[in-house]
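First up is the structure itself, then whatever we jot down about it.
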Amino acid sequence: MSFDLIVRGGRLADGRTADIGIRGETIAAIEPRIEATAVRVIDATGDLVSAPFVDPHFHMDATLSYGIPRINKSGTLLEGIALWGELKPLLTHEAVKERALKYCDWAVSMGLLAIRTHVDTCDDRLLAVEALLDVKKTVAPYIDLQLVAFPQDGFYRDPTARQNTIRALDMGVDVVGGIPHFERTMADGTRSVTELCEIAEKRGLMVDMHCDETDDPLSRHIEQLAYETQRLGLKGRVAGSHLTSMHSMDNYYVSKLLPMMAEAEVSAIPNPLINIMLQGRHDTFPKRRGLTRVKEMQALGIRVGWGQDCVLDPWYSLGTADMLDVAFMGLHVAQMSSPADMAKCFDMVTNVNAAIMGLDHLGVAVGKRASLVVLDAGDPVEALRLRAERLCVVARGKVVAERPKRDTALSLNGRPSGVNRRHEASLKNPT
């Protein structure tokens, strides 16, 4: 018996120590010790071996555009949307593609091998849609890239958004998106949720809506999204992103809303880096931070996964492709400080996000795709604490990024752990 690749001696997220044998693009064996030959052996002794990181909420058409044509002075969501409107006419196919591919290189280096990106359909050229469809083909050997048809300026509010969103879906975009709280009226927002879900049902597609990304407690479009999910039989295929108004809702209403979401099997995707930056801008003190009710949703069995949302764009002046940064911020704002909760935060940016995106082929199990990350940490909590180095990234059975281990810090158990980690990987298969 032989393998193409053996990852030897790694610690799995559940605490086991195991060898992982890979043939082609598939995990063929996970055993305490594999006595076999391999074309290559990766020594992961004492290192955490994880499923790849997954980001279920991003805007790749805008990424790395920070400062073009200006910066967001107020730091608000609405100025960011206005600034994006100024930037859109300046976009070219080549520039969008170049920035997106650069970001994908960052992502691979950080073990981020699946991304769901919203792409603006409020541009009659659909230039960004075409560019990201090209990017999707280019990165397919190592990144699962899902595109969401996203009418940024409102499905009804923008005069051609409806027809352009349908055109984008006809071109091969994967997921139906929306932004009901940005329509001109609450009623229009409600109607947009209904029609967009009906479009998804007819096409057999998933739904992922920017929903109630506001401090207004009366923005309740998630209620309509849960209702349409039930009515149209979309259970397990629908996600509500952001849901920040829930931070400001009264508890009585939330006690009705969350069971509806759980019954409809609607997933939630909070974006902690962005929303604690954007929300509460009109407050003095106390100042709301706009993170949705993560632990309360999890307690009811609602799938909740952390999303990155933005990196260096009109809405956010910082960011990397590191989902450990996202989870680290999320656990602080959600006050998920117990060992079990912190481990859950790691699972949210790996297995839970993969489930939200319907990527059943990802995971550390025999028969799953051989996409793995070796981290310079002994367990998920340590990986979060250190935002650990990605020592090796394997995509579809091939090593695509590597770093040497740096003995620059000590963990609580005395084992060396690296902390200098930003985009220093040697990309084996760059875009």
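The values are calculated or read from the model by the stated rules, or taken from the named source; none is laboratory data. A quick note: this is a predicted structure, and the numbers were derived from the prediction, not measured. Note: ideal-geometry Cβ built from the backbone for every residue, glycine included; neighbour counts use all protein chains shown.
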Check whether at least one residue in region 268-276 is surrounded by fewer than 23 Cβ atoms within 10 Å (Cβ to Cβ) and out of contact with any helix residue (DSSP H, G or I) (no Cβ under 8 Å at 6 or more places or on another chain), and report yes or no. no
Within the set of pairs 6 or more residues apart or between chains, which connect a residue that is on the phi < 0 side of the Ramachandran plot inside region 219-236 to a residue that is modelled with pLDDT under 95 with Cβ atoms less than 8 Å apart? none
Restricted to region 68-96, and to residues that are part of a helix (DSSP H, G or I) and touching a helix residue (DSSP H, G or I) at 6+ places or on another chain (Cβ under 6 Å), which residue is farthest from residue 316 (Cα to Cα)? 93
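Every residue, every condition in (1) more than 24 Å from the chain's Cα centre (by Cα); (2) assigned to a helix (DSSP H, G or I), yes or no:
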| site | (1), (2) |
| --- | --- |
| 141 | no, no |
| 148 | no, no |
| 162 | yes, yes |
| 190 | yes, yes |
| 196 | no, yes |
| 202 | yes, yes |
Here is a check on your reading of the model: is residue 99 within 19 Å of the chain's Cα centre (by Cα), in a helix (DSSP H, G or I) and assigned by TED's automatic domain parsing to the domain that holds residue 270? yes
Filter region 134-163 down to the residues that are under 12 Å from residue 124 (Cβ atoms) and in contact with a Leu (Cβ under 9 Å, 6 or more places away or on another chain) and list them by number. none
What's the total number of residues in region 108-121 that are more than 11 Å from the chain's Cα centre (by Cα) and either of a type in the set (A, V, I, L, M) or farther than 21 Å from residue 396 by Cα (or both)? 5
Residue hits (region 163-196; among the charged types (D, E, K, R), more than 21 Å from residue 82 (Cβ to Cβ) and either in contact (Cβ under 8 Å) with a residue 24 or more places away in the chain or not assigned by TED's automatic domain parsing to the domain that holds residue 223 (or both)) are 167, 174, 191, 195
Somewhere in region 283-303, is a residue within 25 Å of residue 146 (Cβ to Cβ), out of contact with any Ser or Thr (no Cβ under 9 Å at 6 or more places or on another chain) and among the polar types (S, T, N, Q)? yes
From the option list 280, 240, single residue qualifying as touching a Cys at 6+ places or on another chain (Cβ under 6 Å), under 30 Å from residue 75 (Cβ atoms) and either surrounded by 15 or more Cβ atoms within 10 Å (Cβ to Cβ) or assigned by TED's automatic domain parsing to the domain that holds residue 175 (or both) is 240
So which pairs qualify, if the first residue must be in region 256-279 and at positive phi, the second must be aliphatic (A, V, I, L, M) and surrounded by 19 or more Cβ atoms within 10 Å (Cβ to Cβ), the Cβ gap must be under 8 Å, and the two must be at least 6 apart or on different chains? 265/238
Residues 147, 205: which one is under 30 Å from residue 373 (Cα atoms), crowded, with 24+ Cβ neighbours inside 10 Å and without any contact (Cβ under 8 Å) to a residue 40 or more places away in the chain? 147
Reported set for region 1-44 where residues are of a type in the set (Val, Ile, Thr) and assigned to a strand (DSSP E or B) is 6, 7, 17, 20, 22, 26, 27, 30, 37, 39, 41, 42
When residue 234 is run through (1) within 24 Å of the chain's Cα centre (by Cα); (2) under 28 Å from residue 289 (Cβ atoms), the failure sits at (2)
Looking only at region 198-220, which residues are in contact with a Ser or Thr (Cβ under 7 Å, 6 or more places away or on another chain) and of a type outside the set (D, E, K, R)? 209, 210, 211, 214, 217, 219
Residues of region 377-420 being at pLDDT 95 or above, assigned to a loop (DSSP other than H, G, I, E, B) and farther than 23 Å from residue 340 by Cα, in sequence order, are 396, 397
Would you check if there is a residue in region 25-40 being closer than 30 Å to residue 214 by Cβ and at pLDDT 95 or above? no
Of the residues 113, 101, which is within 20 Å of residue 308 (Cα to Cα), surrounded by fewer than 21 Cβ atoms within 10 Å (Cβ to Cβ), aliphatic (A, V, I, L, M) and in contact (Cβ under 8 Å) with a residue 60 or more places away in the chain? 101
Only one of these conditions is not met by residue 423: (1) under 20 Å from the mean Cα position of the chain (by Cα); (2) at pLDDT 95 or above. Which number is it? (2)
If we keep only residues of region 51-94 that are of a type in the set (Val, Ile, Thr) and crowded, with 22+ Cβ neighbours inside 10 Å, then the residue farthest from the chain's Cα centre (by Cα) is 63
Would you please name the residue that is farthest from residue 216 (Cα to Cα), looking only at residues in region 150-195 that are among the small types (Gly, Ala, Ser) and buried (at least 16 other Cβ atoms within 10 Å of the Cβ)? 168
